[in-house]
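Just so it is clear, none of the values below were taken in a lab; they were calculated from the coordinates. All values derive from a computational prediction rather than experimental measurement. Here Cβ is always computed from backbone atoms with ideal geometry, including for glycine, and neighbour counts include all displayed protein chains.
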Amino acid sequence: MKGVESVEIEIVRLAHARDLPLPDYATTAAAGADLLAAIDQPIELGPLERRIVPTGISIALPVGFEAQVRPRSGLAAKHGITLVNTPGTIDADYRGEIGVILINLGKEPFRIERGMRIAQMIVARHARAAWREVVTLDETVRGAGGFGSTGVQTGAAAGSAKRA
């Protein structure tokens with residue numbers, strides 16, 4: 001796709017994923033490639049139950065890149081299926097099978113079938129921090145405010161809420 005950086009990534013399709021397609025993008029502008037469940041038997045994921053679901057692939061990312069495993073919005077919205085550690089990070093030196101830690105936050109059991117799209121994977125550049133210890137940090141308008149300190153309303157709405 002024009003204007004989108006591409007990076008070649010080596011991938012191994014493991015024996016239990018022999019008939020499954022490799023990760024792919026659902027649309028030309030999609031950021032995440034779909035990961036599939038490489039399971040032999042369906043998995044029934046009960047409410048509040050979590051399970052590592054194998055994808056049947058291993059990858060070799062170039063140094064300076066990571067892969068993030070994220071939930072699929074449709075599964076989350078419709079069934080309450082999400083990832084326990086979202087986003088999950090795959091480092092450039094990891095060579096094992098990619099597993100997706102799914103959890104069912106819904107009220108009903110959810111059935112995972114072989115080949116089902118269970119998560120998405122985004123490949124991104126990253127930088128390593130070079131920490132420089134100082135005594136104080138520069139001042140900002142926000143300062144140390146966090147965890148809701150900026151409110152939930154925008155501009156004019158926030159002003160009228162304060163006057164009420």
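For this structure, a couple of remarks:
- Residues located in region 11-36, provided they are of a type in the set (V, I, T) and in contact with a Leu (Cβ under 7 Å, 6 or more places away or on another chain): I11
- Check on V134, over 29 Å from P42 (Cβ atoms) and surrounded by 12 or more Cβ atoms within 10 Å (Cβ to Cβ): no
- Cβ pairs under 9 Å, 6+ apart, first in region 95-109 and farther than 18 Å from L45 by Cβ, second of a type in the set (A, V, I, L, M, F, W, C) and part of a loop (DSSP other than H, G, I, E, B): E97/L14; E97/A38
- First in region 1-16 and more than 16 Å from G56 (Cα to Cα), second anywhere and not small (G, A, S), Cβ under 7 Å, 6 or more apart: M1/T28; V7/P62; V7/F65; V7/V123
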